[in-house]
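One structure below.
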Amino acid sequence: KDTDGKGHTFAEFRGNVLVIDVWATWCSSCLAKMQDFMNLKKRYDNTPGIKFITVSVDRSEARNSWIAAIKKRDMEGMLNLFPDCEEESLFESEYHISGVPRYIIIDEEGKIVTAYAPPPGGGMEELLKELMKDK
């Protein structure tokens with residue numbers, strides 16, 4: 001669900017490259033790398049065919065902390081998703097999320113390019129340039 005409580009699926013974004021940052025409010029490494037992710041997103045703001053999304057693995061009781069982190073880190077200009085569950089979410093089990101931060105890139109056809117993308121500032125931009133070069 002997004003910050004308004006609306007549910008989403010990745011299928012909604014077919015036709016776009018998806019760059020997904022999987023994180024949690026309790027993860028200091030996630031929070032430390034979030035600014036790099038946001039900076040990379042800003043560089044692609046005017047590029048059609050690419051969407052940046054964050055997916056939290058926090059549990060339901062952390063919803064207020066999640067919303068506060070989004071505001072504090074100026075993440076409001078993008079889609080931020082929250083599983084809103086008490087235990088492991090379907091997303092976590094389907095994508096084998098066992099640790100965060102984790103970066104996933106999905107191509108415009110909905111195929112996983114990499115479920116273990118390099119972090120922003122650590123090779124992600126080079127990978128995205130390659131994916132977007134013919135678009």
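A few points about this structure:
- Folded to 0 to 90 degrees: helix 63-72 orientation relative to the chain principal axis, Cα: 50
- If you sort 6, 33 by accessible surface, 1.4 Å probe, largest first, the order is 6, 33.
- Per residue, the chain reaches -8500 deg cm²/dmol at 222 nm when only DSSP H runs of four or more residues are counted, each adding -39500 (n - 2.57).
- Counting only DSSP beta bridges with both residues in the range 18-135, the antiparallel share comes to about 45 percent.
- Residues 92, 108, 12, 61 ordered from highest to lowest accessible area at a 1.4 Å probe: 61, 12, 108, 92.
- Cβ screening of the chain for cysteine pairs under 4.7 Å finds these without a partner: 85.
The values are calculated or read from the model by the stated rules, or taken from the named source; none is laboratory data. Since we're looking at a predicted model, the values are computed, not measured. With ideal geometry, Cβ positions are generated from the backbone for all residues, glycine too; neighbour counts draw on all protein chains shown. Quick note on the areas: whole protein, heavy atoms, side chains included, nothing else; ligands and nucleic acids left out. Shrake-Rupley method; radii C 1.70, N 1.55, O 1.52, S 1.80 Å.
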